[in-house]
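Worksheet for the structure shown next.
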Amino acid sequence: MEKNTLNQLEILAAKIRYDVLDMLQHRGYGHLGGSLSLVELMSVLYGKQMQYDATNPKWEQRDRVVLSKGHAGPVWYSALAESGFFDKEWLYTLNDGGTKLPSHPDRTKTPGVDMTTGSLGQGTSTAAGIATALKKSHIDRYVYLIVGDGELNEGQCWEAFQYIANYKLNNCIVIIDDNKRQLDGYTKDIMNPFDISKKMEAFGFFTQKVKGNDIEAIDDAINQAKEVKDKAVCIVLDTIKGQGVPYFENMFSNHSVKFNTDEINDAANEAKQALLEFISKEEC
Ligand SMILES: Cc1ncc(C[n+]2csc(CCOP(=O)(O)OP(=O)(O)O)c2C)c(N)n1
Ligand SMILES: [Mg+2]
C-alpha cells in the first residue's frame with residue numbers, strides 16, 4: 001500500500017475511534033468494546049475497498065455491509081458519518097427517541113445501512129440472501145458480512161455459512177471479529193469456538209487470519225479474497241475487545257460501558273485528546 005494511502009486510512013481510523021468514544025460518552029453508555037475492535041476494518045472498507053456514493057446511498061452498484069453483530073452500530077455510524085452519508089451531529093442522537101441512529105442498525109432509518117440487525121445470527125442469513133440476489137441480478141458487487149466470535153454461538157451462523165460455501169458465494173466476504181470475548185466473559189470459557197479458521201476451512205471457505213489492527217494486512221486480505229473465484233471466502237480478524245485504547249482493552253467488562261465514574265471519563269478524555277493530536281499532526 002502506498003504510504004499516503006496508509007496515512008489517510010490511519011487518520012480515518014483515528015477519527016472513527018474518536019467518534020465512537022465521543023458519541024458513547026455523550027450518550028452515557030453503550031457497546032464500546034465490540035465497536036472499537038472494528039475501527040481499522042471500517043477504515044479499510046469505507047476508506048479504500050468499498051464502492052459507494054454517499055449522496056446516493058441506494059445506488060445499485062454499491063457494495064453492501066451487513067453488520068450482523070448489530071450492537072456495534074456506533075462504529076458503523078461513525079464510519080458512515082466520516083464518509084459523508086450524514087451530518088456528524090447525528091452521532092449525538094444515538095438511541096434518542098425518534099433518532100435516525102438507533103443503538104442497533106435499522107435499514108429504514110439510516111442512510112448507508114442496508115440491513116437491519118441486532119438479533120445475533122440473523123445477519124448471516126440475510127447477507128447470504130443479498131449475495132444470492134446480487135449474483136442472480138448480475139450485479140458484480142460485494143457484501144461484507146461482519147460476525148462476532150460470540151455470535152458464532154448461534155446455530156444460524158453455521159447454516160448460513162454452509163449455504164454460502166455450497167453456492168460458492170465469493171461475493172459475500174465473511175469477516176469474523178475474533179476479539180475473544182462476548183457479553184459476559186471470554187468466549188473460550190462460555191462456549192469455546194475452538195479454532196475458528198480451521199472450522200471455516202472445514203466448511204469450505206478460503207480462510208485468512210490477520211491482525212485486526214493492521215490496516216495493510218486487512219486490506220491485503222480483502223484483495224486476496226477478491227481474487228478467489230470458485231470458493232466462499234472468510235477473513236478472521238484477530239482483534240482485541242476495546243482495541244486501540246489500553247484502558248478499555250484492560251477493562252474486564254468492556255462489552256457495554258457506562259461512563260459513570262471520573263476514572264472512566266478521564267480515560268475516554270485522554271484517549272480522545274491523543275487521537276485529536278494524532279489527527280491534527282498527520283493532517284498537516
Ligand atoms: C439472539 C441474540 N441473543 C442475545 C443477544 C444479546 N447480546 C448482544 S451482544 C452479545 C454478545 C455478542 O458477542 P460477540 O459476538 O463476541 O460480540 P463482540 O464481542 O464483538 O461485542 C449478546 C449475547 C442478542 N443481541 N441476540
Ligand atoms: Mg466477541
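The values are calculated or read from the model by the stated rules, or taken from the named source; none is laboratory data. Since the structure is predicted, the reported quantities are computational estimates derived from the model, not experimental observations. Because the Cβ atoms are built from the backbone with ideal geometry, glycine has one as well, and the counts that use them run over all protein chains shown. Remember, those area values only see protein heavy atoms, side chains included, never the ligands or the DNA or RNA. Shrake-Rupley method; radii C 1.70, N 1.55, O 1.52, S 1.80 Å.
Okay, here's what the table says:
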{"read-out": "Residue list for the stretch 28-37, filter: in contact with a Phe, Trp or Tyr (Cβ under 8 Å, 6 or more places away or on another chain) and either within 16 Å of ligand 1 (Cβ to nearest atom) or part of a helix (DSSP H, G or I) (or both)", "value": "Tyr29, Leu32, Gly33, Leu36"}
{"read-out": "Matching residues, the stretch 70-109, being among the polar types (S, T, N, Q) and either in a helix (DSSP H, G or I) or closer than 22 Å to Ser256 by Cα (or both)", "value": "Ser78, Thr93, Asn95, Thr99, Ser103"}
{"read-out": "Count of the stretch 127-181 residues which are among the charged types (D, E, K, R), surrounded by 21 or more Cβ atoms within 10 Å (Cβ to Cβ) and over 14 Å from Val236 (Cα atoms)", "value": "1"}
{"read-out": "Any hit, the stretch 213-224, residues being within 16 Å of ligand 2 (Cβ to nearest atom) and touching a helix residue (DSSP H, G or I) at 6+ places or on another chain (Cβ under 9 Å)", "value": "yes"}
{"read-out": "Top-ranked residue of the stretch 38-59 - restricted to ones that are in contact with a Gly (Cβ under 8 Å, 6 or more places away or on another chain) and more than 16 Å from ligand 1 (Cβ to nearest atom), ranked as farthest from Asp177 (Cα to Cα)", "value": "Thr55"}
{"read-out": "Among the candidates Leu24, Leu6, residue that is within 16 Å of ligand 1 (Cβ to nearest atom) and either open to solvent by 10 Å² or more (accessible area, probe 1.4 Å) or over 12 Å from the mean Cα position of the chain (by Cα) (or both)", "value": "Leu24"}
{"read-out": "Residues that are open to solvent by less than 40 Å² (accessible area, probe 1.4 Å) and in a strand (DSSP E or B), drawn from the stretch 200-228", "value": "Phe205, Thr207, Gln208, Val210"}
{"read-out": "Residue match in the stretch 126-138 (condition: part of a loop (DSSP other than H, G, I, E, B) and in contact with a helix residue (DSSP H, G or I) (Cβ under 7 Å, 6 or more places away or on another chain))", "value": "no"}
{"read-out": "Any hit, the stretch 47-66, residues being among the β-branched types (Val, Ile, Thr) and open to solvent by less than 10 Å² (accessible area, probe 1.4 Å)", "value": "yes"}
{"read-out": "Residue check for Ile235: outside any helix (DSSP H, G or I) and open to solvent by less than 20 Å² (accessible area, probe 1.4 Å)", "value": "yes"}
{"read-out": "Filter result (in contact with a Ser or Thr (Cβ under 6 Å, 6 or more places away or on another chain) and away from ligand 1 (no atom under 15 Å from the Cβ)) within the stretch 60-100", "value": "Thr93, Thr99, Lys100"}
{"read-out": "Any hit, the stretch 208-230, residues being within 16 Å of ligand 1 (Cβ to nearest atom), over 16 Å from the mean Cα position of the chain (by Cα) and free of Cβ contacts under 8 Å to residues at least 24 places away in the same chain", "value": "no"}
{"read-out": "Residue within the stretch 171-185 that is assigned to a helix (DSSP H, G or I) and farther than 15 Å from Val228 by Cα present", "value": "no"}
{"read-out": "Pair list, Cβ under 8 Å, 6 or more apart: the stretch 239-261 residue closer than 14 Å to Ser37 by Cβ and of a type outside the set (D, E, K, R), other residue modelled with pLDDT under 95 and within 13 Å of ligand 2 (Cβ to nearest atom)", "value": "His255/Asp184"}
{"read-out": "Per-region count, the stretch 247-275, residues loosely packed, with under 14 Cβ neighbours inside 10 Å and within 22 Å of the chain's Cα centre (by Cα)", "value": "4"}
{"read-out": "Residue match in the stretch 101-112 (condition: within 27 Å of Arg17 (Cβ to Cβ), hydrophobic (A, V, I, L, M, F, W, C) and either surrounded by 17 or more Cβ atoms within 10 Å (Cβ to Cβ) or out of contact with any helix residue (DSSP H, G or I) (no Cβ under 8 Å at 6 or more places or on another chain) (or both))", "value": "yes"}
{"read-out": "Close pairs (8 angstrom Cβ cut-off, 6 or more residues apart or separate chains): part of a loop (DSSP other than H, G, I, E, B) in the stretch 150-168, open to solvent by 10 Å² or more (accessible area, probe 1.4 Å) anywhere", "value": "Glu154/Leu120; Tyr167/Thr132; Lys168/Asp230; Lys168/Lys231"}
